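The block underneath contains the structure these notes are about, expressed in structure tokens.
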Amino acid sequence: MGRTAAALRVEAPNPPGQPLQPHSSDVGLPHGNNTGIPRIPFKIGQPKKQIVPKTVERDFEREYGKLQQLEEQTKKLQKDMKKSTDADLAMSKAAVKISSDLLSNPLCEQDAAFLGVVTAFDTAMRRMDSFNQEKVNQIQKTVIEPLKKFGSVFPSLNMAVKRREQTLQEYRRLQAKVEKYEEKERSGPGLAKLHQAREELRPVRADFEAKNQQLLQEMPKFYSSRSDYFTPSFEALLRAQVVFYSEMRSIFGDLTAQIGRAALSDELRERENEGRLGELRALSIVGDD
């Protein structure tokens, strides 16, 4: 379709079997071992410096949480729409099957009037099935397919968030490394290591800040785009339903006119049917044992 959501510039969707990592503490390096492998000079864990303000992290989690909820709602809506259209098709196909079975009933060969009624009914059911199929096709094109396209954006979004998290972990690790060297004696070798650590930190910090800023800007835009994206789809859904039920009114109005006795109320029809059922029950072959 021509409508597109706010683009999230990422490279690839989330690989299967690798769920998005939550915002948790750093993985860090091992805290120790009993395998005989020499210990590292010092343990690198959480940095003392707060590298991401708590307000920024809360904003990020709030915006991403809204998109996670939107993803689940989109999946559910797409699934429910598919169930609805499948049920619609099953209904009209079943009606055609009933009318076809009635036409093959031996009674139609014996009663010309009944044959005329059943033929009119069969024609109506086939017209209904045809319009129903057209309605379902329209819903597939204007609602279900756009829902599917909208949902296809979320794997890329999740991958962008995962990469941001991975960069944050590396940022924290290198920041802790810098802090450790800053705490050590400022000797010649120590200063060299500190300088090297700061050089390693600089591009990772810039990379994280770029990823973080991009997501903080684009996640709200993507979320707010949902109304503009879906409004035309649901307008098309309403139009398809209005056209279908308008046609159904015409079809069943014609059917009522063909079978006659349109002025007979439902109450009178029920009384008439009950009277005929009473006559049938009075026959000896259907009497109680």
Ordered by residue, what ³J(HN,Hα) values in Hz, to whole numbers, does the range 243-251 give under the Karplus form 6.51 cos²θ - 1.76 cosθ + 1.60, where θ = phi - 60° and Gly and Pro are x?
4, 4, 6, 5, 5, 5, 4, 5, 4
Percentage of Cα-Cα pair distances in the range 150-289 greater than 23 Å, rounded to whole percent?
71
Within the range 119-255, what is the number of lysine pairs with alpha carbons under 15 Å apart, leaving out pairs fewer than eight places apart on the same chain?
5
With charges set only on the Cβ (+1 for Lys and Arg, -1 for Asp and Glu), what does the dipole of the range 188-249 come to about its Cα centre, in debye to the nearest 20?
140
Residue-wise, which Karplus ³J(HN,Hα) couplings in Hz belong to the range 65-74, taking 6.51 cos²θ - 1.76 cosθ + 1.60, θ = phi - 60°, and x for glycine or proline?
x, 5, 6, 5, 5, 4, 4, 5, 5, 5
Kindly write out, for the range 200-213 in residue order, the coupling ³J(HN,Hα) from the Karplus curve 6.51 cos²θ - 1.76 cosθ + 1.60 (θ = phi - 60°), rounded to whole Hz, with x marking Gly and Pro.
5, 6, 4, x, 5, 4, 5, 5, 5, 4, 5, 4, 5, 5
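The numbers here are math on the coordinates, done by the rules we state, and not lab data. If you're wondering where the values come from, they're calculated on a predicted model, not measured in any experiment. Please note: Cβ atoms are built from the backbone with ideal geometry, for glycine as well, and neighbour counts cover all protein chains shown.
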